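In what follows, a structure is listed as structure tokens, so that the remarks can point back to it.
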Amino acid sequence: MRSQVCTLIPAAGKGHRMRHSVKKPYLKLGQKPILAHTIQRFEQNSAVDAIFVIVDEADFRECRATVLDPYPSKKVQALVAGGETRQASVQNGIHALSADVDFVIVHDGVRPFVTDETIFACLTAADEYGAAVAAVPVKDTIKVANKDCFVLETPVREQLWAVQTPQVFRKSLLEEAHQIAQQRQLTATDDAALVEQLGFPVKLVHGNYANLKITTQVDLQIAEALLENQAFE
């Protein structure tokens, strides 16, 4: 029997860095909201069985009116209320999943250029290792600094990766990671870090530099250029 795969799309962030009156997921990229582009990527992927979109509960009406109703999806099962943090939002999404789900894909709502190739590669690696995340080698030299902005050290660039989403996990592993984090009051900026805190290895999968997260106005301008040129393909 084929594994059951569900995608959680957290899109409940406040988006302060964008400095726009409209929250990031609902900003237009081309002719439709960023979140609609992202959902479509997983709607069209043959491995994905169901999608759960996680947004601020106060935004349910806006999400339906601007994303779900104009751009219908057969795979979107429900809107899930987000939490105070991204970590809490993903945990709410996990609670919404049925018991028969085998793998969970977590993907940022404002990362609309993910490709089928990356999704399948992460799923394949997660099937083998239990946890896999898309990532790209860091291009710039990175400095570790103190609070006064003096350099403490320069890590070896060849060992540094910029982590993206999708991040794919066996459901049981992701559930345990979130449960332990809640019990121990641990926080992390991504789900892979919670799994790492269990001592479980996470496999890095070569992603795509065009799989950017739209966080600032500059990111949105780059995304418009990518969309126009279809460069992410």
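Would you confirm whether any residue within the range 53-72 is surrounded by 16 or more Cβ atoms within 10 Å (Cβ to Cβ) and touching a Cys at 6+ places or on another chain (Cβ under 8 Å)?
Yes, the range 53-72 contains a residue that is surrounded by 16 or more Cβ atoms within 10 Å (Cβ to Cβ) and touching a Cys at 6+ places or on another chain (Cβ under 8 Å).
When the residues of the range 31-44 are narrowed to those that are in contact with a Ser or Thr (Cβ under 9 Å, 6 or more places away or on another chain) and not in a helix (DSSP H, G or I), which ends up farthest from residue 100 (Cα to Cα)?
Once the filter is applied, the top-ranked residue is 32.
For the range 113-133, enumerate the residues that are within 15 Å of residue 171 (Cβ to Cβ) and not hydrophobic (A, V, I, L, M, F, W, C).
Correct list: 127, 129, 130.
Filtering the range 41-81 down to residues that are more than 18 Å from the chain's Cα centre (by Cα) and of a type in the set (A, V, I, L, M, F, W, C), which residue is farthest from residue 211 (Cα to Cα)?
Here the residue is 58.
Can you report the number of residues in the range 99-138 which are without any contact (Cβ under 8 Å) to a residue 12 or more places away in the chain and part of a loop (DSSP other than H, G, I, E, B)?
1
Return the residues of the range 45-71 that are of a type in the set (Ser, Thr, Tyr) and outside any loop (DSSP other than H, G, I, E, B); say none if nothing qualifies.
66
Taking only pairs six or more apart or across chains, which ones have beta-carbon atoms under 6 Å, a first residue in the range 219-230 that is over 12 Å from residue 30 (Cα atoms), and a second residue that is among the acidic types (Asp, Glu) and modelled with pLDDT of 95 or more?
Taking only residues 6 or more apart or on different chains, not a single pair turns up.
Looking for something closer than 20 Å to residue 133 by Cβ and either touching a strand residue (DSSP E or B) at 6+ places or on another chain (Cβ under 7 Å) or modelled with pLDDT of 95 or more (or both) - is there at least one such residue anywhere in the range 58-81?
no
Mind counting the residues in the range 188-206 that are at pLDDT 95 or above, β-branched (Val, Ile, Thr) and under 16 Å from residue 86 (Cα atoms)?
Selection size over the range 188-206: 1.
Please work out which residue is nearest to the chain's Cα centre (by Cα), limiting yourself to the range 93-117 and to residues that are more than 21 Å from residue 46 (Cβ to Cβ) and crowded, with 19+ Cβ neighbours inside 10 Å.
108
Does residue 136 count as buried (at least 16 other Cβ atoms within 10 Å of the Cβ), within 16 Å of the chain's Cα centre (by Cα) and either among the hydroxyl-bearing types (Ser, Thr, Tyr) or at negative phi (or both)?
For residue 136, the condition - buried (at least 16 other Cβ atoms within 10 Å of the Cβ), within 16 Å of the chain's Cα centre (by Cα) and either among the hydroxyl-bearing types (Ser, Thr, Tyr) or at negative phi (or both) - is met.
The values are calculated or read from the model by the stated rules, or taken from the named source; none is laboratory data. Because the structure is predicted, anything quoted here is derived from the model rather than measured. Note that each Cβ is placed from the backbone with ideal geometry, even for glycine, and that neighbours are counted across all protein chains shown.
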